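One structure below.
The values are calculated or read from the model by the stated rules, or taken from the named source; none is laboratory data. Since we're looking at a predicted model, the values are computed, not measured. Cβ placement follows ideal geometry from the backbone for every residue including glycine, while neighbour counts extend to all protein chains displayed. Areas reflect the complete protein model, heavy atoms only, side chains present, ligands, DNA and RNA absent. Shrake-Rupley method; radii C 1.70, N 1.55, O 1.52, S 1.80 Å.
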Amino acid sequence: RCLLKMVKGNVIVPEEILSFCCSGLQGSTSPPGAREPGEREEAAGAMASPSPARNPTEVQMSQLVLPCHTNHRGELSTGQLLKWIDTAACLSAERHAGCPCVTASMDDIYFEHTISVGQVVNIKAKVNRAFNSSMEVGIQVSYEDLCSGKHCSICKAYATFVAQGPLGSKVRLSPLTPQTEEEKIEYSIAAERRRMRLVHKDTLKDLLTRSPQETELETRDGSGAVPAEKTRVESVELVLPPHANHQGNTFGGQIMAWMENVATIAASRLCHAHPTLRAIEMFHFRGPSQVGDRLVLKAIVNNAFKNSMEVGVSAEAYGQEMSVSRRHINSAFMTFVVLDQEGQPCTLPMVAPEPGDGERRYREASARKKIRLDRKYVVSCKQTEVPLSVPWDQSNKVYLSYNNVSALKMLMAKANWALAREKEKVRMYTLEEDKFLSFRIEMSVCIAAGRAFSLLSNLRRRHEWDSHYVSAELVQKVDDDDMIYHVVSQKLRHENKPQDFVILASRRKPCSKGDPYVVAFRSVTLPTHPARAEFTRGETLCSGFCIWPESEEMSKVAYYNQAMPGYLNYVTTNVAGLSSDICSTFEACEKFLLKNKEDLISRLQD
């Protein structure tokens, strides 16, 4: 009902021909008895039959792109798309919460294609995981060409919503139980994405602290540069009822649309052309605005790179009384490009920053570009597209840690594990996929889960139970949860020298009840530890431990490994029963845990 009110309030199309379809919309936003039974059945019959296993929080929206939704090129305005994305995500969040929800943040969004008038935008949103009073909603956006039948992905986004009770009080959310393999993967990784959001600002500050203060400004030729001041834009919007939800708070998507509008104007003033929005960086709403507020929107080009530019945008709110100080609602950073007739990015003029704050914004834009690239190619890529040994440095440590843990959680959540061997208490499972053969080996051990977690996360003690390990040197303690080791292992068969690895070990305690303790391993490269002639440099893509508490003194310990080509023969020999080496190693692990379970002081920090 709120959506229909918003659409009609903006005079998009009459209600009779609204190209709006939201699966189960009546059940999520209309009060009982608001529709006659016959009418409801007819409406339901007009939509595709939902799958019996559909996530109860899933919302689907389909919008026909009309001329009033497009820019001068006949392409869907990104601001309009942001409003639809926010609306669908909010409906999904409210389905789970059972009460009004507000947008708290949005992760990076990369727009892969533009959408033309006459095409259909399909949006699917569902809650991935609920925490205490906030929840992550995953959104998938695609377009459909009705004439050719072509479907194409536009973007994938993650939004955080907060449930609100009377007078804006927080509401404690009920947990969400994932059902399908995809839902279990998203549920598990949602905790990692939440962790990454919380340290986002610290990552930028750390990178700026370690970067030269003047290098970028000195090495760029300022001749012909456009003064940043010439790109500055300021605009004001009055928040009216159609812009707000049933509580009178401005839709987050509406604020994003207004911000995109002024950012586009600022970008146009630099390039004297019509720019295309390519990405929006992760941002947070710092406070609400209400009907009757005036929103002041400001934008300026912070930095122009060869083929792209960053525009900074802010939104502030004030009431009728100008004497009252403005409230900071949101800040965002948007990346624009200018495309030629072949769709290729054009070279952009340089920006001459203003002294003081302008130079600070200029440097921060360069830092954000590096962070965006790290997030895009380390976090956003599929696991098989990420290089095995990614170079580690201080600026990408958060994203490598995320990738390390999320890869193990994705492997853990796979549904097609098959029992291959069982030897007394040890069970070995395999997972056959197109590119990888993975194995999982597990057993129940009489030890507290937290103690097992502490012992198994310390690679310096692994040689005590794993005969393949010769030594493990702690090279760098990144933080309390991430450490880098140089590991030396025994010679492989048909090899004349031992292997060595540079391994990032990332450990995580449970985020909520039912989550396992996680210790994830993956290869990285360090300039201080290049490959050496006396070793064969080995790599591991995804391996590690997951530990579930079964009682106070009993745990299920599982080890996962995606077998790399060098170890494939070793793994298949064990799977086929021609060797029991893996099972024997895991039994030695159990003995190690039992022997050390009474230790009160962990040697992890030695």
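List of remarks:
- Residues being assigned to a strand (DSSP E or B) and loosely packed, with under 15 Cβ neighbours inside 10 Å - total across the stretch 406-443: 4
- So A157, is it in a strand (DSSP E or B) and either touching a Ser or Thr at 6+ places or on another chain (Cβ under 6 Å) or among the acidic types (D, E) (or both): no
- The stretch 283-307 residues that are under 30 Å from N245 (Cα atoms), paired with ones that are open to solvent by 30 Å² or more (accessible area, probe 1.4 Å) and part of a loop (DSSP other than H, G, I, E, B) (beta carbon under 7 Å, 6 or more apart): V291/L240; V296/R326; I300/R232
- Restricting attention to the stretch 336-349, the residues that are out of contact with any Pro (no Cβ under 7 Å at 6 or more places or on another chain) and either under 25 Å from M282 (Cα atoms) or polar (S, T, N, Q) (or both) add up to 5.
- Considering only residues in the stretch 498-527 that are among the charged types (D, E, K, R) and either in contact with a Ser or Thr (Cβ under 6 Å, 6 or more places away or on another chain) or in a strand (DSSP E or B) (or both), the one that is most open to solvent (accessible area, probe 1.4 Å) turns out to be R507.
- Residues that are closer than 23 Å to L594 by Cβ, open to solvent by less than 40 Å² (accessible area, probe 1.4 Å) and part of a loop (DSSP other than H, G, I, E, B), drawn from the stretch 444-482: I447, A448, S457, N458, W465, D466
- Yes/no for E534 being farther than 20 Å from P391 by Cβ and either at pLDDT 95 or above or surrounded by fewer than 18 Cβ atoms within 10 Å (Cβ to Cβ) (or both): yes
- The strands (runs of 3 or more DSSP E) located wholly in the stretch 239-327 that include 3 or more residues which are over 25 Å from the mean Cα position of the chain (by Cα) and farther than 19 Å from S77 by Cβ occupy 294-304, 309-318.
- Test for Y570: is it at pLDDT 90 or above and among the hydroxyl-bearing types (S, T, Y): no
- Scanning the stretch 336-361 for residues that are touching a residue at least 24 places away in the same chain (Cβ under 8 Å) and assigned to a helix (DSSP H, G or I) yields G358, E359, R361.
- Filtering the stretch 82-119 to residues that are part of a strand (DSSP E or B) and open to solvent by 10 Å² or more (accessible area, probe 1.4 Å) leaves V102, T103, A104, Y110, S116.
- Here N128, N122, N132, N71 are screened, and the one residue that is open to solvent by 40 Å² or more (accessible area, probe 1.4 Å) and within 24 Å of the chain's Cα centre (by Cα) is N132.
- The single condition from (1) under 18 Å from the mean Cα position of the chain (by Cα); (2) over 30 Å from A407 (Cα atoms) that V171 fails is (1).
- The residue of the stretch 293-313 that is farthest from R368 (Cα to Cα), among those that are out of contact with any Cys (no Cβ under 9 Å at 6 or more places or on another chain) and open to solvent by 30 Å² or more (accessible area, probe 1.4 Å), is R294.
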